[in-house]
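Derivation of every value follows stated rules applied to the coordinates shown; laboratory data play no part. Predicted, not measured: the structure shown is a model, and the values here were computed from it. Cβ atoms come from the backbone with ideal geometry, glycine included; neighbour counts cover every protein chain shown.
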Amino acid sequence: NGSVKVNGKGHLEIGGVDTVSLAARYGTPLYVYDVALIRQRARAFKETFRKLGVKSQVAYASKAFSAIAMIQLADEEGLSLDVVSGGELYTALAAGFPVEHIHFHGNNKSREELEMALDAGIGCIVADNFYELDMLENLCAEKGRKVSALLRVTPGIEAHTHDYILTGQEDSKFGFDLQNGQAEAALKQVLSSGWIKLLGVHCHIGSQIFETAGFVLAVQKIMDKLDEWHARYGYFPEVLNLGGGFGIRYTEEDHPLPPAYYVEEIVKEVKKQAGSRRLPVPEIWIEPGRSLVGEAGTTLYSVGSRKEVPHVRKYIAVDGGMSDNIRPALYDAKYEAVLANRPLDKCEETVSVAGKCCESGDMLIWDLPLPKTGSDDLLAVFCTGAYGYSMANNYNRIPRPPVVFVENGKDELVVKRETYEDLIRNDLRLRVPLS
Ligand code: LLP
């Protein structure tokens, strides 16, 4: 993409900054984010809605990468924010994000989390189940405070990477089933509530989706129901939130659509469905995570040890692994990589890139073509911006890497590297004998 290139020194450059110098300055592993690309993606989503003339909100799904600087960037780009836990909400509030533009998700929000959201003056709660509705209602009554909400429904569609499967009765832990009366019961409960103002309906059909058909089908099924509800209860939502899940390019095998295309197809279908039923066009909200930040992130690693299994495989190991990117181990996710210090050198061997964790499954990339690689080399793994840092962990007590933002030839550290001291910060010494 635009801001990744090879500079005059023959090094990989991101956002006008030499990755070799970044590694020298901040150490490795290091997450590098190309801020211009995040802005470009955010603007493409927003601009498409603007052109189509529908009211909208583009909410950044902060689970993809939550850190104060990232939340500030989302705010600067005029995005709304989706949070799914007290921790994500806390981060957003600490970043000074406008609370009225925060949407609170989750299938098991605790009483404390709901209280925190209500006290902060949350923009809306995405209500997931009856347990939550009851708790929310009670809390609002206790506090004498009203709240806006969306009802999360499961329309009975499961979207997969290259196709979608229609499931009559969707088997999912999330949301109210649209087809079996659950969603309607929730609607009735909320409509009769004096405390919860129903803004509309939400659904999220899946992640890393490469087609628009699943979204179109979701719109059809939801508009069918809304039409029924309108006739029965005189209720029609102000907002229809279609979630996130727009696919990105991890490797050459992935063929995502341009982000704008998903929006165009969704808006077209909503307008068509509304028009044919003489219903108003609701405000349309989306919640992209991966498609905003995924391709903007690159992880830099130093190459260390090497092992050859004669006639079978060459392994090179890097100084991170499943502790900073669990996706290959967890989902068999695929990534591409180059040597950041000499990306144009001819590939002469095929190596498999291992992490440093004590686990055979800690392999980042299998069978990667590279130049003959040694311990002076720096490996850049692309497309690690979503669900990399946010799913990082301290397995083997490996400190989490820092995050640096780059843009226009400048770099800024936005998350510090964890220290060994950080790792034991919450540990308490055993008092012997136990009291
Ligand atoms: N909205 C809702 C309600 C969601 O559940 C999700 C993702 C999103 C939006 C954002 O989806 P995105 O645009 O990022 O695909 N850890 C997994 C992904 C889990 C996604 C969970 N929900 C991974 O690394 O692939």
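Among ASP332, ASP345, what is the fewest-to-most ranking by other Cβ atoms within 10 Å?
Details: ASP332 9, ASP345 15.
Ranked by crowding around the Cβ, least crowded first: ASP332, ASP345.
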Likely footprinting exposure, THR212, THR298, fewest C-beta neighbours within 10 Å first: THR212, THR298
Compute the long axis of helix 259-276 from its Cα atoms, compare it with the longest principal axis of the Cα atoms of the chain, and write down the angle in degrees, 0 to 90, nearest 10. 10 degrees
With runs of 4+ DSSP H residues as the only contributors, calculate the mean residue ellipticity of the chain at 222 nm using -39,500 (n - 2.57) per run, divided by the residue total and rounded to the nearest 500. -9000 deg cm²/dmol
Estimated dipole of the chain in Debye, rounded to 20 [Cβ of Lys and Arg +1, of Asp and Glu -1, Cα centre]: 440 debye
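Can you compute the equivalent ellipsoid semi-axes for the chain, i.e. the square root of 5 times each eigenvalue of the Cα gyration tensor, sorted largest first and rounded to whole Å?
41, 26, 20
Can you give the charge dipole size of the stretch 59-128 about its Cα centre, rounded to the nearest 20 debye, using +1 on the beta carbon of Lys and Arg and -1 on the beta carbon of Asp and Glu?
Here the size comes out at about 160 debye.
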For the stretch 35-68, listing trypsin sites (Lys or Arg not before Pro) in a DSSP loop whose Cβ sees at most 15 other Cβ atoms within 10 Å gives LYS55
Pick from LEU226, LEU330, LEU136 the residue whose mean-square fluctuation is largest in a GNM of the chain, springs joining Cα atoms under 10 Å. LEU330
With Cα atoms, 0 to 90° folded angle of helix 130-143 axis to the chain main axis: 80 degrees
Give the residue list of trypsin sites (Lys or Arg not before Pro) in the stretch 228-307 that are DSSP loop and have at most 16 other beta-carbon atoms within 10 angstrom. ARG249, ARG277, ARG278
5 Å is the cut-off here: which amide hydrogens, built 1.01 Å from N in the peptide plane, fall below it relative to ILE125, excluding neighbours closer than 5 in sequence? PHE104, SER148, ALA149, LEU150
Going residue by residue through the stretch 12-17, the Karplus relation 6.51 cos²θ - 1.76 cosθ + 1.60 with θ = phi - 60° gives ³J(HN,Hα) values, rounded to whole Hz and with x marking Gly or Pro, of 5, 10, 10, x, x, 10
To the nearest 20 debye, the stretch 207-357 has a Cα-centred charge dipole, built from +1 on Lys and Arg Cβ and -1 on Asp and Glu Cβ, of 180 debye
Which one of ALA64, TRP195, ALA185 has its Cα pushed farthest toward the positive end of the charge dipole of the stretch 63-206, where Lys and Arg give +1 and Asp and Glu give -1 at the Cβ? TRP195
Going residue by residue through the stretch 404-420, the Karplus relation 6.51 cos²θ - 1.76 cosθ + 1.60 with θ = phi - 60° gives ³J(HN,Hα) values, rounded to whole Hz and with x marking Gly or Pro, of 10, 9, 10, 6, 6, x, 10, 10, 9, 6, 10, 9, 6, 5, 5, 10, 4
Excluding SER323 itself, calculate the net charge of residues whose Cβ lies under 11 Å from the Cβ of SER323, where each Lys or Arg counts +1 and each Asp or Glu counts -1. -2
Take PHE104, PHE210 and order them by how many other Cβ atoms sit within 10 Å, fewest up front. PHE210, PHE104
Classify the stretch 341-435 as rounded, prolate or oblate from the Cα gyration tensor: take a ≥ b ≥ c as the square roots of its eigenvalues, call it rounded if a/c is under 1.5, otherwise prolate when a/b beats b/c and oblate if not. oblate
Under the Karplus relation with 6.51, -1.76 and 1.60 and θ = phi - 60°, whole-Hz ³J(HN,Hα) for the stretch 65-71, x at Gly and Pro, equal 5, 10, 7, 3, 5, 5, 5
Residues other than ALA42 with Cβ under 12 Å of its Cβ, Lys/Arg counted +1 and Asp/Glu -1, net out at 0
Residues whose modelled amide H sits under 5 Å from the amide H of LEU368, counting only those 5 or more places away in sequence or on another chain, are VAL351, SER352, VAL353
Pairs over 30 Å Cα to Cα, from LYS55/LYS143; LYS146/LYS272; LYS63/LYS221; LYS146/LYS416; LYS268/LYS334; LYS188/LYS272, come to LYS55/LYS143; LYS146/LYS272; LYS146/LYS416; LYS268/LYS334
Grab the other residues whose beta carbon is less than 11 angstrom from that of LEU79, score K and R as +1, D and E as -1, and report the net. -1
For the chain, take the longest principal axis of its alpha carbons; what is the angle in degrees between that and the long axis of helix 213-233, to the nearest 10 within 0 to 90? 20 degrees
Under 8 Å for C-alpha pairs, at least 6 residues apart: give me the relative contact order for the chain, rounded to a whole percent. 19 percent
